[in-house]
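Below is one structure, written out as structure tokens; comments come after it.
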Amino acid sequence: MVWRLKKHSVLPGFGLTLGFTVFYLSLIVLLPLTALCLKSTSMGWPQFWETVSHPRVWASCRLTFETAATAALINAVGGFIVAWCLVRYDFPLKRIFDAMVDLPFALPTAVSGISLTTIYASSGWIGQWLARWDIKLVYSRWGIIIAMTFIGLPFVVRTLQPALEDLEKENEEAAACLGANRWQTFRFVIWPTIIPALLTGFAMAFARGLGEYGSIVFISGNMPMKTEIASLLIITKLEQHDLAGATAIAVILLVSSFVVLLCINLLQWWSSERVRGVA
Amino acid sequence: MSIEVRNISKSFGNFTALRDVSLQVHDGELLALLGPSGSGKTTLLRIISGLEVPNPNPSSDILFHGQSVVDRPVRHREVGFVFQHYALFRHMSVADNIGFGLRMRPRATRPSKSEIRDRVGKLLKLIQLEGFGDRFPSQLSGGQRQRVALARALAVEPKVLLLDEPFGALDAKVRQGLRTWLRRLHDEIHLTSVLVTHDQEEALEVADRVVVMNQSRIEQIGTPDEVFHHPKTPFVMEFLGQVNVFHGRVTKGKIELDDPFTTEQHEPHNNSNPQAIYARPHELDIQRELTNGEGIAAKVRRLHLAGPIARVILEAENGGHVQVHLSLERFYELALQPGVAAYVVPKSGRVFEGASKTILG
């Protein structure tokens, strides 16, 4: 039997990089997650079910997913407009605006949490105006959404920018020559080609929102059943030395985010296949 | 529908793309805009289509069938535009691409779905791509894509068809085929068309009339025959086919040559005495012995015999190269071989003085 150890390729290093990829992913991602799952199984199935079916846990998980989805949706719209403006137009201070998009990445989350709380609190710059109309954002689920929107923005903008830069000007000109108005050109020519990137950005912003902790705890008020997010509940359990309980919630969070992200990725994959024109 | 362009100028920042250009395209004609890159031909085409706006000037205007369209936006000009790189919508099937313009119409004038399907089917037949309707652009070859782009432009029944280097991205063989096909198509549908190209062969073969452009201006307008055989300027002479340039004096219609040098080394138009004398390769003859008159002593360097004529490249004593086209009969009669000494004898040539020309024979 002939063993073909090496297949010649123009780009060498497949074996090496694959080996490293498996090792690296195992070390960084898989190992901690496995440990997490193992830890949660130590408590036994009935106890696990009791922990995760507790109304407070259920409420916090639901809140986390709802707010993260809302924030990602807001970012999908707002981030799209920002990316569109930055890519398609030239204006003074464009570079500075462009750099500002990354700030939520760089800022320690506690700092952003505190500053957002200060601004939106009833004595803050924006909060005092909103208070006149009896609108209170801080210490409500809207506060959580604000924080999640803040930290998720760069994901949408940065994934959309390359896609918008890739748009061919000639395609839009062709559409105009064929009698399409601006809205039609956008809807039928531009939109279908940027959906995949927008979905990716949405998924990343969503995932980031799910895992956010630092900035939210300052602005949410952390009221059980109302504004308590899942990651805070995990910390609470840990502080009560209920390690198994904390990991149980973590597993629920992990599995459900994985399912959601997988769905979005499948959708994204399907739409980009369509864009590439492979039937 | 006829097109008239009046006194159009266009600049991009400091760069002037068009300088006071005026042009008439007759109804049902296929006109080629020919010139080197940067001569302004694409800009002119884009201004006709409305994709580019000319410099504001009270005397400039663009008329379709006598009506000014300068203020009409692209989508109301009813022009079909074919781009060099096809610009097909890659997320749409071939059929959806072709039907796009019809689907975008306002509800009142939009044909029904079945009518659109019929029209698309007819166009697929016209571009010889029946059965390709469900494919995507990425599954087609370059030539097929460009035919789809053409069908898409024709689907909306435009008043004029504008083609911007439509075969520029295709290989020579496909190009030749598509060129012939385009000419046949034009003879069938008689749609007023303007074709931009930098390929002189393409322009001369396809077009009814050729507009030669250079440095943001029109050098000459005429039928392929006129511009090739009766060029008005040295630029046109040199751009349309090969030319040998000699230095010489013209006295009483007789050429007195100083020394020859090649086309490649020539800087266009030299009005001083001695003058530049232009002769196409077929306007020269080769003689083994100088019998009478003027001739340039030269050595045969290279022979190209693959073709209907013999192309002979000779090197003159001063190192300049001369290209001569002979009939194969004449070539074999002379029995030329590389290295053989011979004389180049001009049968006719051209001298340009300003815009006018003198033909010497």
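Report P(r) for the protein assembly as shown: all Cα-Cα distances, bin width 10 Å, range 0 to the bin holding the largest distance, values in whole percent.
Distribution as computed: 3, 12, 16, 15, 14, 14, 11, 7, 5, 3, 1, 0 percent.
Quick one: Debye curve from the alpha-carbon atoms of chain B only, equal weights, vacuum; give me log10 I(q)/I(0) at q = 0.08 Å⁻¹ to two decimals.
Ignoring solvent entirely, the Cα scatterers give -0.51.
Output the direction-averaged projected area (hull surface divided by four) of the convex hull of the alpha-carbon atoms of segment A:1-137, in nm².
If I average the Cα hull's projected area over directions, I get 18.2 nm².
Mind checking the mean number of beta-carbon atoms from other chains within 10 Å of the Cβ atoms in A:187-200?
Mean inter-chain Cβ contacts per residue within 10 Å come to 2.
Net charge near B:His190, counting Lys/Arg +1 and Asp/Glu -1 over other residues with Cβ under 14 Å of its Cβ?
That works out to -3.
Along the charge dipole of segment A:52-124, pointing to its positive end and built from +1/-1 on Cβ of Lys, Arg, Asp and Glu, which listed residue (A:His54, A:Val87, A:Ala76) has its Cα farthest out?
Highest projection toward the positive end goes to A:His54.
Round to a whole angstrom and tell me the spacing of the C-alpha centers of segment B:59-73 and segment A:211-230.
Rounded to whole Å, the Cα centres lie 64 Å apart.
Per DSSP H run of n ≥ 4, the term is -39500 (n - 2.57); total these for chain B, divide by its residue number, and report the mean residue ellipticity at 222 nm rounded to 500 deg cm²/dmol.
Dividing the helical sum by the residues of chain B leaves -7500 deg cm²/dmol.
To make sure I understand the rule: partners must be aspartates and glutamates, Cα under 18 Å from the Cα of B:Lys113, and not fewer than 8 residues away in the same chain. Which ones qualify?
B:Lys113 reaches B:Asp96, B:Asp134, B:Glu157.
Quick one: grab Rg to one decimal and Dmax as a whole number for segment A:23-92, Cα atoms only, in Å.
20.5, 62
If you filter segment A:186-230 for chymotrypsin sites (Phe, Trp or Tyr not before Pro), then keep DSSP loop positions with at most 12 other Cβ within 10 Å, what is left?
none
Which one of A:Met100, A:Met148, A:Met204 has the biggest mean-square fluctuation once chain A is modelled by GNM with Cα springs under 10 Å?
A:Met100
Pull out the extension gain between A:Leu25 and A:Leu103, defined as 0.36 nm times the separation in residues minus the alpha carbon to alpha carbon distance; nm, one decimal.
Once the chain is fully extended between A:Leu25 and A:Leu103, it gains 25.3 nm.
Using the Cα centre of chain A as the reference point, and only Cβ charges (+1 on K/R, -1 on D/E), how large is the resulting charge dipole? Debye, rounded to the nearest 20.
Dipole size: approximately 300 debye.
Counting only other chains, what is the mean number of Cβ atoms within 10 angstrom of the Cβ of each residue in peptide B:99-106?
Per residue, the average neighbour count from other chains is 5.
Out of all Cα-Cα pairs in chain A, roughly what percent, to the nearest whole number, are more than 32 Å apart?
Of all Cα-Cα pairs in chain A, 41 percent lie more than 32 Å apart.
How big, on average over all directions, is the shadow cast by the Cα convex hull of segment B:61-176, in nm²?
Orientation-averaged projected area of the Cα hull: 8.4 nm².
Across segment A:88-102, in residue order, what do the Karplus-derived ³J(HN,Hα) couplings come to in whole Hz, using 6.51 cos²θ - 1.76 cosθ + 1.60 with θ = phi - 60° and x for Gly and Pro?
Per residue, the Karplus-derived 3J(HN,Hα) values read 8, 10, 10, 8, x, 6, 4, 4, 5, 4, 4, 5, 4, 4, 7 Hz.
To the nearest Å, what is the center-to-center distance of segment B:164-226 and segment A:44-122, using C-alpha atoms only?
First find each Cα centre; the distance between them is then 57 Å.
Using a 10 Å cut-off on Cβ atoms, rank the peptides A:153-159, B:32-38 from the highest mean neighbour count down.
Per-residue mean Cβ counts within 10 Å order the peptides as A:153-159, B:32-38.
Give the peptides A:31-38, B:216-223, B:337-344, B:158-165 in descending order of average Cβ contacts within 10 Å, highest first.
B:158-165, B:216-223, B:337-344, A:31-38
Given a 10 angstrom Cα cut-off, can you work out which residue in A:Val217, A:Val101, A:Val22 is the most mobile in a GNM of chain A?
In the Gaussian network model the winner is A:Val22.
Quick note: the coordinates plus some simple rules give every number you see, no bench work behind them. Predicted model, so just to flag it, every value in this text is computed and none were measured. Cβ sites come from the backbone with ideal geometry, for glycine too, and all protein chains shown count toward neighbours.
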